[in-house]
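The values are calculated or read from the model by the stated rules, or taken from the named source; none is laboratory data. Computed from a prediction, not measured in an experiment: that's the story for all the values here. Every residue, glycine among them, receives a Cβ derived from its backbone with ideal geometry; neighbour counts consider all protein chains shown.
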């Protein structure tokens, strides 16, 4: 089990060295946390090249901001926030291409309020028959199909673990809008996954 | 409560934000409507699958941090 006190001590020492401008400390920061930051960038952006650029930008931001980092949170938490913000800026600056409308992926209802296509449970066999890697790939591809504004909320809330308020601040939308988009993103994802996992009608 | 209404506010039910009477209404509906119960189950499963598909660890290795990227970052720092 990692020793928390030793970890904190470790980080405090690294921070001291970073503030003193120690080149080896900077290299350590890149090597120690780089893969994790790359993983986050890849989740948020959808292409590997962009993800690498974002990690580079994020590290340069971090280097500039080192003197403002008070050490109140873990270094990994601080870097996580920086790379998420860098990715968000990149997403904002991209020209929006025409996307599948979220409406097409939301459940439809009859005039009496019943589900137009009543949901049925997903079979365990569908999951058992799929290799783990195939399952992950299927879900990732479905997430990638979500319209961007919804996909990003799902990623920030359900995967990156930011709460409603923080997500709203990062995206400059109200907490209420965050909740609505999250719910719609989840519903849309459910619709896409339902195609794979729905119980086959005998 | 119609299925449409239930599904529209499902996120609040699922996150435990509904209180007393409203919550009871949801549960009543879910108790008598198999398609809505199936919707809730598959909705929850969807959230779980999304987390597992994108999470690090547990079988999903972290990506390789390319050496060129490490060097590029350190070089960019040195240039300023």
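Of note:
- Helices (runs of 4 or more DSSP H) within the stretch B:1-54 that include 2 or more residues under 13 Å from the mean Cα position of the chain (by Cα) and within 30 Å of residue A:43 (Cβ to Cβ): B:10-14, B:34-54
- Of all the numbered requirements in (1) crowded, with 18+ Cβ neighbours inside 10 Å; (2) away from chain B (no Cβ under 14 Å); (3) at pLDDT 95 or above, residue A:174 misses one, and that requirement is (1).
- When A:161, A:168 are screened for being at pLDDT 90 or above, assigned to a helix (DSSP H, G or I) and either away from chain B (no Cβ under 12 Å) or under 17 Å from residue B:50 (Cα atoms) (or both), only A:168 passes.
- Matching entry among A:199, A:100 (being in contact with a strand residue (DSSP E or B) (Cβ under 8 Å, 6 or more places away or on another chain), over 17 Å from residue B:14 (Cβ atoms) and at pLDDT below 90): A:199
- With respect to (1) surrounded by fewer than 13 Cβ atoms within 10 Å (Cβ to Cβ); (2) facing another protein chain (nearest Cβ under 10 Å); (3) under 19 Å from the mean Cα position of the chain (by Cα), the lone exception for residue A:36 is condition (1).
- Exclusive hit being crowded, with 18+ Cβ neighbours inside 10 Å, in contact (Cβ under 8 Å) with a residue 40 or more places away in the chain and either assigned to a helix (DSSP H, G or I) or facing another protein chain (nearest Cβ under 10 Å) (or both), set A:153, A:139: A:139
- Breaking point among (1) more than 8 Å from chain A (Cβ to nearest Cβ); (2) modelled with pLDDT of 90 or more; (3) exposed (fewer than 15 other Cβ atoms within 10 Å of the Cβ), for residue B:76: (1)
- One residue alone among A:46, A:64, A:74 is at pLDDT below 95, within 13 Å of chain B (Cβ to nearest Cβ) and touching a helix residue (DSSP H, G or I) at 6+ places or on another chain (Cβ under 8 Å), and that residue is A:46.
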